[in-house]
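Report on one structure; see the data block that follows.
The values are calculated or read from the model by the stated rules, or taken from the named source; none is laboratory data. In this text the structure is predicted, and so the values were computed from the model without any measurement. Note that we place each Cβ from the backbone using ideal geometry, even for glycine, and neighbour counts take in every protein chain shown. Note: accessible area is taken over every heavy atom of the protein model, side chains too, but ligands, DNA and RNA are not part of it. Shrake-Rupley method; radii C 1.70, N 1.55, O 1.52, S 1.80 Å.
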Amino acid sequence: MESRISIITLGVADLERSYDFYHKGLGFPTSGTPDQGIIFFQTSGTCLALYPLEELARDVSAEQSVERGAFSGITLAHNTRQKEDVDRILKLAEKSGGKIEKPAQDTFWGGYSGYFADPDGHLWEVAYGENWQFNPDGSLVIK
């Protein structure tokens, strides 16, 4: 298997609300609309998809439960090139209907980061690291 993630699909309770949050609020590019039943956003390196939660659970298994705990054990991350972008993006997420879970602050590893939850509670870390490098497509260089 190649070490690649092609699509991350988030199960959402309200496809239109999530579309508004990611596309209209955060500016994620898509040509899709909620009436298509699934929405794909082209992001650097990986596609982000939104799909109704109950349908996603049913696609995985007829016995799959849609119940989630407060913390799913999964976070998504957006890494920034500039420290001030962390605060700007957290404010944008909050203005767009997200909830700040942890305000931006200096970290134990020498960076700067904070967390927001999207309207369905999916957690995103927005982080800056002084020595991070980025590929031309905006993805983080991992050495």
Exercise for the section: At least 3 residues that are free of Cβ contacts under 8 Å to residues at least 24 places away in the same chain and either open to solvent by 60 Å² or more (accessible area, probe 1.4 Å) or hydrophobic (A, V, I, L, M, F, W, C) (or both) in each: list the strands (runs of 3 or more DSSP E) lying fully within the range 33-83 that qualify. Expected result: none
Handout entry: Selection from the range 31-83 of residues that are among the basic types (Lys, Arg) and within 21 Å of Leu123 (Cα to Cα)
Key = Arg68, Arg81, Lys83
Exercise for the section: Report, by residue number, each residue of the range 84-137 that is of a type in the set (Val, Ile, Thr), outside any loop (DSSP other than H, G, I, E, B) and over 17 Å from Gly27 (Cα atoms). Expected result: Ile100
Practice task
Please verify whether the range 48-68 includes one or more residues that are at positive phi and under 17 Å from the mean Cα position of the chain (by Cα).
Solution key: no
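Residues are listed down the side, and each one gets a yes or a no for (1) open to solvent by less than 30 Å² (accessible area, probe 1.4 Å); (2) touching a residue at least 24 places away in the same chain (Cβ under 8 Å); (3) among the polar types (S, T, N, Q):
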{"residue": "Lys95", "(1), (2), (3)": "no, yes, no"}
{"residue": "Lys99", "(1), (2), (3)": "no, no, no"}
{"residue": "Ala104", "(1), (2), (3)": "yes, no, no"}
{"residue": "Phe108", "(1), (2), (3)": "no, no, no"}
{"residue": "Ser113", "(1), (2), (3)": "yes, yes, yes"}
{"residue": "Asp118", "(1), (2), (3)": "yes, yes, no"}
{"residue": "Val126", "(1), (2), (3)": "yes, yes, no"}
{"residue": "Pro136", "(1), (2), (3)": "no, no, no"}
{"residue": "Lys143", "(1), (2), (3)": "no, no, no"}
Completion exercise
Here the residues within the range 1-32 that are of a type in the set (S, T, N, Q) and open to solvent by less than 40 Å² (accessible area, probe 1.4 Å) are Ser18, Thr30
Practice task
With respect to Ile74, determine if the residue is aliphatic (A, V, I, L, M), modelled with pLDDT under 95 and either under 30 Å from Ala104 (Cβ atoms) or touching a Leu at 6+ places or on another chain (Cβ under 9 Å) (or both).
Solution key: yes
